[in-house]
Amino acid sequence: MALRFVDGFDHYTTQAHVVRKWTANPASYAPVFGGTTNGRFTGGSFHISGCYSNNQLIKTLDPQPTWVLGVAHKFNIITTGVQIVALMDGNTQQVDVRQNADGTMSVTRNGTVLGTTPSAVGLTNQWNYYEFKATIHPTAGAYELRVNGQSLISATNVNTRNTANSSANQIQCGSANSYNGGSGVYDFDDFYACDGTGTTNNDFLGEMRIETLYPASPGTNTNFTPNPAGSNYANVKDAPPDDDATIVSGNTLGLMDTYLMSHLSGTPTTIKGTMLSVMARKDNAGTRAVAPVIRSGATNSIGANGYLGASYACYTRIDETDPGTGAAWTAAGVNAVECGQSVGV
């Protein structure tokens, strides 16, 4: 697998919600997540307004030498040092992409400039799509920055390692540095992360749109208990999540719910992958797990178990191909699947 994580920032609105999916958001000034007005096309964004510093999202994954990050970004003020994306090793920066006072962008090794775009990148109050690929190594490192599909700067055989490890295990969206003394407004949307493994999705994906789909009607499997009583799908389609206000619950091993989902807004020619997210917790002692389920055709494809704690967390699975066919996703295939969860041990 090379596609590792995606986010369209549509289905949560608070910092407490976002850190169920991301590992951390150390902001002391509350950003706005989700909503309906800040997104690049529709839906929400990671919206930073009136903030000073430490308003980045961090996702911890396994260490990899090569990562590719993509994100749509819009800003209202050019601010020196504000980061767009970064790769980290144990909370320490390896390499990042940051803004300069003249509107150019630099790739840095924890602040040491490795390369700078020849001219200003993007205009204020306009969306642009940034993609950054880097290999972490002290002598054979490499990087490339693309904006709206155009390669602006790149280099090979350079030092991209700032720690003792030739890898990064954390991806970052947003900046740990100051957002123009609190007067800046910054939006991020349509984020993806790939590693360099495998033969698929291990390089630049190009400009991506992340569309969020929700349960829309009952599926084949309706074995969980709804609380309050009613249709299972209706209790789990809330965005943002309302936690215990509307839920489905189950304790029997193998118990399964699946739901028909809302449809894509258009017919994309290429779908690089899907990520199914299930928000879950346990309400008593003992070992219990939840497994995300995709039903494609007549087959229930059960994902890996995520072991539950007493607080809500997000458990995900990524499928780069349709599990029912083994072939690339099509719009018709995405629109036909059922998504849900199963009780595991």
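The values are calculated or read from the model by the stated rules, or taken from the named source; none is laboratory data. Computed from a predicted structure; not experimentally measured. Counting neighbours? That spans all protein chains shown, and the Cβs are built from the backbone with ideal geometry, glycine included.
Looking across T104, T79, one residue alone is over 15 Å from I48 (Cβ atoms) and over 20 Å from the mean Cα position of the chain (by Cα). It is T104.
Based on what the data block shows, is N202 at pLDDT 95 or above and either touching a Leu at 6+ places or on another chain (Cβ under 6 Å) or not aliphatic (A, V, I, L, M) (or both)? In short, yes. Tallying residues that are touching a Ser or Thr at 6+ places or on another chain (Cβ under 7 Å), part of a strand (DSSP E or B) and crowded, with 18+ Cβ neighbours inside 10 Å within region 153-166 yields 1. Restricting attention to region 277-293, the residues that are buried (at least 16 other Cβ atoms within 10 Å of the Cβ) and closer than 14 Å to N305 by Cβ add up to 9.
Inclusion of G90 among residues that are at positive phi and over 24 Å from the mean Cα position of the chain (by Cα) is not warranted. Tallying residues that are touching a strand residue (DSSP E or B) at 6+ places or on another chain (Cβ under 6 Å) and either in a strand (DSSP E or B) or not aliphatic (A, V, I, L, M) (or both) within region 329-345 yields 6.
In the set (1) under 30 Å from L123 (Cβ atoms); (2) modelled with pLDDT of 95 or more, G174 fails one condition alone, (2).
Checked against (1) hydrophobic (A, V, I, L, M, F, W, C); (2) at pLDDT below 95; (3) assigned by TED's automatic domain parsing to the domain that holds P63, A239 passes all but a single condition, namely (3). The residues of region 181-203 that are surrounded by 19 or more Cβ atoms within 10 Å (Cβ to Cβ) and either in the same structural domain as T42 (by TED's automatic domain parsing) or closer than 29 Å to T80 by Cα (or both), listed by number, are G184, Y186, D187, F188, D189, D190, F191, Y192, A193, C194, D195.
Quick check, is V113 in the same structural domain as V18 (by TED's automatic domain parsing) and without any contact (Cβ under 8 Å) to a residue 12 or more places away in the chain? Yes; evaluated as a whole, the condition is true for this residue.
T42 meets all of the listed conditions (1) under 15 Å from the mean Cα position of the chain (by Cα); (2) in a loop (DSSP other than H, G, I, E, B) but one, namely (1).
Of the residues making up region 256-276, those that are closer than 18 Å to D7 by Cβ and surrounded by 16 or more Cβ atoms within 10 Å (Cβ to Cβ) are M261, I271, K272, G273, T274, M275, L276.
Exactly one residue out of N169, N177 is buried (at least 18 other Cβ atoms within 10 Å of the Cβ), out of contact with any Asp or Glu (no Cβ under 9 Å at 6 or more places or on another chain) and in contact (Cβ under 8 Å) with a residue 40 or more places away in the chain, and it is N177. Before we move on, is S119 without any contact (Cβ under 8 Å) to a residue 24 or more places away in the chain, surrounded by 15 or more Cβ atoms within 10 Å (Cβ to Cβ) and of a type outside the set (V, I, T)? No, not satisfied.
Residues of region 57-79 that are assigned to a loop (DSSP other than H, G, I, E, B) and either touching a His at 6+ places or on another chain (Cβ under 8 Å) or more than 21 Å from G122 (Cα to Cα) (or both): P65 alone.
Here is the figure for region 227-273: residues that are in contact with a Pro (Cβ under 9 Å, 6 or more places away or on another chain), free of Cβ contacts under 8 Å to residues at least 60 places away in the same chain, of a type outside the set (V, I, T) and closer than 30 Å to A193 by Cα total 3.
Only residues that are under 10 Å from V290 (Cβ atoms), surrounded by fewer than 20 Cβ atoms within 10 Å (Cβ to Cβ) and out of contact with any Ser or Thr (no Cβ under 8 Å at 6 or more places or on another chain) were counted across region 307-345, and they come to 2. Restricting attention to region 243-255, the residues that are in a helix (DSSP H, G or I) and either on the phi > 0 side of the Ramachandran plot or touching a Cys at 6+ places or on another chain (Cβ under 9 Å) (or both) add up to 1.
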